[in-house]
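Peer 1: Structure in structure tokens, see below.
The values are calculated or read from the model by the stated rules, or taken from the named source; none is laboratory data. Everything quoted here is computed from the prediction, not taken from an experiment. So basically every Cβ, Gly included, is an ideal-geometry build from the backbone, and we count neighbours across all protein chains shown. Accessible surface areas use protein heavy atoms only, side chains included; no ligands, DNA or RNA. Shrake-Rupley method; radii C 1.70, N 1.55, O 1.52, S 1.80 Å.
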Amino acid sequence: QVQLVESGGGLVQPGGSLRLSCAASGSILSINAMGWYRQAPGKQRELVAGISRGGWTTYADSVKGRFTISRDNGKNMVYLQMNSLKVEDTGVYYCNTRLGPPHTMTDWGQGTQVTVSS
């Protein structure tokens, strides 16, 4: 089983920046892709950004140009650099070893809370 631990969240003002980290451990043979998801209060969990093992990336329209996903394959780490944060970015952020509809996925970590407020 894969264990996922997210960190780096916190309280930040609009326009500020945060860098989230995700550490994967446990029975990891190979990770082909990693993704960041978020769940805002009262909303469905959604894919924010994804990255393949080779570095191909995809982003939700709402964060494109502001967020950057990256990974360190040797350390089994994935990162999310978030710039120009908006109030609507508030939510709990999760990483996962799969890319797809969040409601089909299991084995989520505890997530890390991101709150954007003045």
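Peer 1: In the range 11-60, what residues are under 12 Å from L99 (Cβ atoms), open to solvent by 40 Å² or more (accessible area, probe 1.4 Å) and assigned to a loop (DSSP other than H, G, I, E, B)?
Peer 2: N32, R53, W56, listed by residue number.
Peer 1: Could you list all residues from the range 61-108 that are modelled with pLDDT of 95 or more, assigned to a loop (DSSP other than H, G, I, E, B) and not aliphatic (A, V, I, L, M)?
Peer 2: D61, S62, K64, G65, R66, N83, S84, K86, T90
Peer 1: While we're looking at this one, here's another question. Criterion first (aliphatic (A, V, I, L, M) and over 22 Å from V116 (Cβ atoms)) does L99 satisfy it? Walk me through how you get there before you give the answer.
Peer 2: Details: aliphatic (A, V, I, L, M): yes; over 22 Å from V116 (Cβ atoms): yes.
It is true that L99 is aliphatic (A, V, I, L, M) and over 22 Å from V116 (Cβ atoms).
Peer 1: May I pose another question? Which numbered condition in (1) touching a Lys or Arg at 6+ places or on another chain (Cβ under 6 Å); (2) farther than 22 Å from Q1 by Cα; (3) surrounded by fewer than 18 Cβ atoms within 10 Å (Cβ to Cβ); (4) of a type in the set (A, V, I, L, M, F, W, C) is the only one that M105 fails?
Peer 2: Among (1) touching a Lys or Arg at 6+ places or on another chain (Cβ under 6 Å); (2) farther than 22 Å from Q1 by Cα; (3) surrounded by fewer than 18 Cβ atoms within 10 Å (Cβ to Cβ); (4) of a type in the set (A, V, I, L, M, F, W, C), the lone unmet condition for M105 is (2).
Peer 1: May I ask you to list pairs of residues, at least six apart or on different chains, whose Cβ atoms are under 6 Å apart, with the first in the range 55-83 being more than 19 Å from Q13 (Cβ to Cβ) and the second being outside any helix (DSSP H, G or I) and among the aromatic types (F, W, Y)?
Peer 2: S70/Y79
Peer 1: Sticking with this structure for a sec: List, please: which pairs have Cβ atoms under 6 Å, are six or more places apart or on different chains, and start with a residue in the range 96-113 that is under 13 Å from R45 (Cα atoms) and end with one that is among the β-branched types (V, I, T)?
Peer 2: G111/V92
Peer 1: So, one more: Given the conditions (1) under 25 Å from V2 (Cα atoms); (2) surrounded by fewer than 16 Cβ atoms within 10 Å (Cβ to Cβ), report the number of the one that R66 does not fulfil.
Peer 2: With respect to (1) under 25 Å from V2 (Cα atoms); (2) surrounded by fewer than 16 Cβ atoms within 10 Å (Cβ to Cβ), R66 is out only on (1).
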